[in-house]
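Written below as structure tokens is the structure these notes are about.
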Amino acid sequence: MAISNRFYPFTLDPTEHALGGVGKGATDNFARTISTGNVLGIDLKELYEHKKEQLGTEDVCTIYSNSKLPKFTVKVVQFDGLNKDFMEFAELKLNTICGFSHPGIIRYHKVVRSGNVIFIIADYCDRDLEQFIADRRIACKSIPKELFLFILGQLTDALAYLHNPDKVDRGGHPLSSIVHRNLKPTSILLREHDNRVVITNFGLCGGDLLGSATNANDPTYMAPETLLYGDIVAASDVWNLGVIAYELATLRKPDFLGDKEPTEVFVAGWKPDLSDVTDDFIRSILEKILVLDLTERPTAKKLAHLLRIPNISIDEWGPQNTTLEDRCTSLDEPLSRANNEIAFLERELASRPTLTCRT
């Protein structure tokens, strides 16, 4: 089974030049599909006329627009040796992603399938987080704490949206909890025009679509339960986020495994070496995220709340949150009594006769 995905540039003849390597049947169908109708809210023929641009280290080729047109990319995902049912499942999953409604999630505008090829029209982003970190490392410029919290706050908020079992899509239809399964810096894009960090690359490798881990994933970011047992759950995404946070804080990947096997490293009592993380608050966050017991990791929702109040430590946040909940509960009964008394007084006032003053 072979799965590849690439970004292609638009040219004046997209079928023969830009997508020529995919196969004429697929590209002809793609050209026919997107040239009929206005799927992006703009004239697609006009969109084709803009020059191409190379972006980043992954040969990402994008549509270059003028002031009248937004920027988009077309990603081509080619599946070889997969049956029809799998392709239909992949298309269904990608169309579900089109319905996501959150500023921290990449906007997929349209998904088109032709045979074993899927075309995804998505928003343009300037570069990925891996390139951002590399640029900082080359320039020997650490990421300021405020910027670190700004980036991590957006990521945790977006991840909390994905994990939320009660969210709805753009059309108001319910969406269940979704696990990303392969969160890493190349799956995070930066949109400079509005200072947004967005998560992308949902379900674009076979393991992700099938719901299991694959060798294509970078073990640096994989959670212990994934490396040891192949399990991927919402808490695994949180671990991935913790590794990314470590990289943002130190400008380098952690090396938890060294030259050892996961079974030799991730044993009872294991703790990560966070000596290179100099900020106490950031270190306290990582200490809570990077734990073997996935039930002990904070949820993305809790992390999102925590990062909005960075002046207290993560250990203080738990008791404070519990105390506030207890106080709110203790106020329920007095407030209920007060509301009943107000309602009684209003009824009494309404039942009294109206006095008329005569002159």
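Observations
- Residues being in a helix (DSSP H, G or I) and in contact (Cβ under 8 Å) with a residue 12 or more places away in the chain - total across segment 284-304: 12
- Qualifying residue in segment 88-108 (condition: outside the structural domain of Phe281 (by the TED database), among the small types (Gly, Ala, Ser) and surrounded by fewer than 18 Cβ atoms within 10 Å (Cβ to Cβ)): yes
- Within segment 162-184, the set of residues being of a type outside the set (S, T, N, Q) and within 21 Å of Asp231 (Cα to Cα) comprises Leu162, His163, Pro165, Ile178, Val179, His180, Arg181, Leu183, Lys184.
- Annotation note: of Val277, Val243, the sole residue that is modelled with pLDDT of 95 or more, in contact with a Phe, Trp or Tyr (Cβ under 8 Å, 6 or more places away or on another chain) and part of a loop (DSSP other than H, G, I, E, B) is Val277.
- Out of Ala122, Ala160, Ala134, sole residue that is surrounded by fewer than 19 Cβ atoms within 10 Å (Cβ to Cβ) and not basic (Lys, Arg): Ala134
- Conditions (1) basic (Lys, Arg); (2) over 23 Å from the mean Cα position of the chain (by Cα); (3) buried (at least 17 other Cβ atoms within 10 Å of the Cβ); number of the one not met by Lys271: (3)
- Every residue from segment 107-155 that is of a type in the set (Asp, Glu) and in contact with a helix residue (DSSP H, G or I) (Cβ under 8 Å, 6 or more places away or on another chain): Asp128, Glu130
The values are calculated or read from the model by the stated rules, or taken from the named source; none is laboratory data. Because the structure is predicted, anything quoted here is derived from the model rather than measured. Glycine gets a Cβ as well: all are built from the backbone with ideal geometry, and neighbour counts include every protein chain shown.
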